[in-house]
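Below: one structure, written as structure tokens.
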Amino acid sequence: MAAAAVAGIIPVLHSLAGDETSYYIGRKLWFGFLGLYAVVIYVERLPWISLNSDFRCHGNISVPCMGECFEQHFNKPIIGTWYLSCFLFLCVFLLMEFFVFQLRHKQIKVSAGQEKEVEVSSMVGVQEESQSQKSVRIIDFHIQKSLLCLYLFSFLLQLVIQSAFLSILLNDHLPRVNSASILCSTKLCPGPYNCLVMGSMEKRMSIYTLATLAMFIIIFCSAFFIYSIHHYLLKGLEQLRARDLWLWEV
């Protein structure tokens, strides 16, 4: 199921990333993060596939009691949480892509309407005009304020999602495989039984890898968010005030 999902995502990412246009700053970078995210989760889930058989208890314990101890210790989904974080990362990114596509579609329709009103003298002029239109590849956030707000909001969502995911990894998932032994005692199986998780080192390394990736995304989101506010909002307001002051003096 997971392999089929990753195999389905890769052609979509390849087709989108194959587009040479860069409608907004950092588009290629987030494509790379998205592909890296899916690959890392697919690879790092491998040590967790046989988690049920890796959980073992010492002593005279029955299979139902061992299963109950397993459910007591791993009472929250682990791989499912990783898949959810990747899905949310993809949704936020595609939300930005959708609105940018809608904006570009409207711009193309407007430019096509303007071309119909203007009489073209030769095919050379048409080719030069189309090439000049293709050269415009970056959306100006100084003008598109609504899209700038969506751009900043997408970074805020990514920061919230990745911060929550990082907290879950370090505070919930890591302690479950960080202890050398697990004492289990339930109502039906009073015990206590001494249990452990086999291959805990590989499982810890997979959590560290995901935590590192989440930290990188948080750092880049923070950097893009601060840069966008400084460059498109604060600096733009300063330029607008300077222009108004110059017009007032004139």
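The values are calculated or read from the model by the stated rules, or taken from the named source; none is laboratory data. Here the structure is a predicted model, which means the values were calculated and not measured. Every residue, glycine among them, receives a Cβ derived from its backbone with ideal geometry; neighbour counts consider all protein chains shown. We work out accessible area using only protein heavy atoms, side chains counted, and drop any ligands, DNA or RNA first. Shrake-Rupley method; radii C 1.70, N 1.55, O 1.52, S 1.80 Å.
Output the residues belonging to segment 171-198 that are surrounded by fewer than 15 Cβ atoms within 10 Å (Cβ to Cβ) and under 25 Å from the mean Cα position of the chain (by Cα).
Those that are surrounded by fewer than 15 Cβ atoms within 10 Å (Cβ to Cβ) and under 25 Å from the mean Cα position of the chain (by Cα): 171, 172, 175.
Find the helices (runs of 4 or more DSSP H) located wholly in segment 103-195 whose residues include 3 or more that are at pLDDT 80 or above and of a type outside the set (Val, Ile, Thr), and list them. If you could, list the steps in order and put the result at the bottom.
Numbers: elements: 123-134, 145-168, 174-178.
Answer list for segment 103-195: 145-168, 174-178.
Quickly run through segment 199-233 and pick out the residues that are at pLDDT 90 or above and over 25 Å from the mean Cα position of the chain (by Cα).
Correct list: 201 only.
For segment 25-54, how many residues are more than 17 Å from the chain's Cα centre (by Cα) and surrounded by 16 or more Cβ atoms within 10 Å (Cβ to Cβ)?
Counting residues in segment 25-54 that are more than 17 Å from the chain's Cα centre (by Cα) and surrounded by 16 or more Cβ atoms within 10 Å (Cβ to Cβ) gives 5.
Each row is one residue, and each column tells you yes or no for (1) more than 30 Å from residue 61 (Cα to Cα); (2) without any contact (Cβ under 8 Å) to a residue 40 or more places away in the chain; (3) not polar (S, T, N, Q).
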{"position": "169", "(1), (2), (3)": "yes, no, yes"}
{"position": "182", "(1), (2), (3)": "no, no, yes"}
{"position": "185", "(1), (2), (3)": "no, yes, no"}
{"position": "197", "(1), (2), (3)": "no, no, yes"}
{"position": "219", "(1), (2), (3)": "yes, yes, yes"}
{"position": "226", "(1), (2), (3)": "yes, yes, yes"}
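Inside segment 55-93, can you point out the residues that are open to solvent by 70 Å² or more (accessible area, probe 1.4 Å) and either closer than 30 Å to residue 27 by Cα or not in a helix (DSSP H, G or I) (or both)? Write out each step before concluding.
Initially, segment 55-93 is screened for residues open to solvent by 70 Å² or more (accessible area, probe 1.4 Å), giving 56, 58, 60, 63-64, 71-72, 75-77, 83-84, 87.
Answer for segment 55-93, where residues must be open to solvent by 70 Å² or more (accessible area, probe 1.4 Å) and either closer than 30 Å to residue 27 by Cα or not in a helix (DSSP H, G or I) (or both): 56, 58, 60, 75, 76, 77, 83, 84, 87.
How about segment 46-76: which of its residues are of a type in the set (Ser, Thr, Tyr) and closer than 18 Å to residue 200 by Cβ?
50, 53
Quick check: is even one residue across segment 27-44 β-branched (Val, Ile, Thr) and at pLDDT below 85?
Looking for residues that are β-branched (Val, Ile, Thr) and at pLDDT below 85, one finds none in segment 27-44, hence no.
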